[in-house]
Amino acid sequence: MLTLDKGYNSTVMAEMKNLEKSMEAVENMKIPKEIPILQFVSKENCRTMPQWEQLHRDIIADKENGEVILLEGSHYLHFEQRLAIVQKTIQWIENR
C-alpha cells in the first residue's frame, strides 16, 4: 500500500528519469575505506541474480569495517526483516 501511495511521487519519478545520468556520474567513485558499511542483502535476490551477493561483497572488499548480512526475504527486506535488521544493526554498532 505504501508503494502504491508514495512510490510514484515527483521525486521518485525524477530519480527514475535521471537514473542513467546519475549512474554514470558515480560509476568510478569509491567510498573511503575507513567508512564503515553494513549491508543487508536479500537471499531471494541472490537466487534470482547469482552475482548480487558478490556485487555487495565487492563494495566492502577494501574496507576496514564492512559486512554483508544475508537475510531471507525479497527486495522489500526492510519491511519483511525489519526486526532482524534493527537487532543486527545494534549489535554491529556495539562491536565497533
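The values are calculated or read from the model by the stated rules, or taken from the named source; none is laboratory data. Given the structure is predicted, the values throughout are model-derived calculations rather than measurements. With ideal geometry, Cβ positions are generated from the backbone for all residues, glycine too; neighbour counts draw on all protein chains shown. Accessible surface is based on the protein model in full, side chains and every heavy atom, while ligands, DNA and RNA are left aside. Shrake-Rupley method; radii C 1.70, N 1.55, O 1.52, S 1.80 Å.
Quick look at the numbers
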item: Accessible surface, per residue, of the chain when the full set of protein chains is kept, probe 1.4 Å, Å²; result: 81 Å²
item: Filtered chymotrypsin sites (Phe, Trp or Tyr not before Pro), the range 48-94: DSSP coil and at most 14 other beta carbons within 10 Å; result: Tyr76
item: Solution diffusion estimate, µm²/s, Stokes-Einstein, the chain, Kirkwood Rh from C-alpha pairs, 37 °C, viscosity 0.692 mPa s; result: 211 µm²/s
item: Whole-percent carbon and sulfur share, accessible surface of the chain, 1.4 Å; result: 57 percent
item: Straight-distance crosslink candidates among lysines, where the alpha carbon sits under 17 Å from Lys43 and sequence neighbours closer than 8 are dropped; result: Lys88
item: Dipole-positive endmost among Met13, Leu55, Gln91 within the chain (Cβ charges, Cα centre); result: Gln91
item: Cβ-placed point charges (K, R +1; D, E -1), dipole of the chain about Cα centre in debye, nearest 20; result: 120 debye
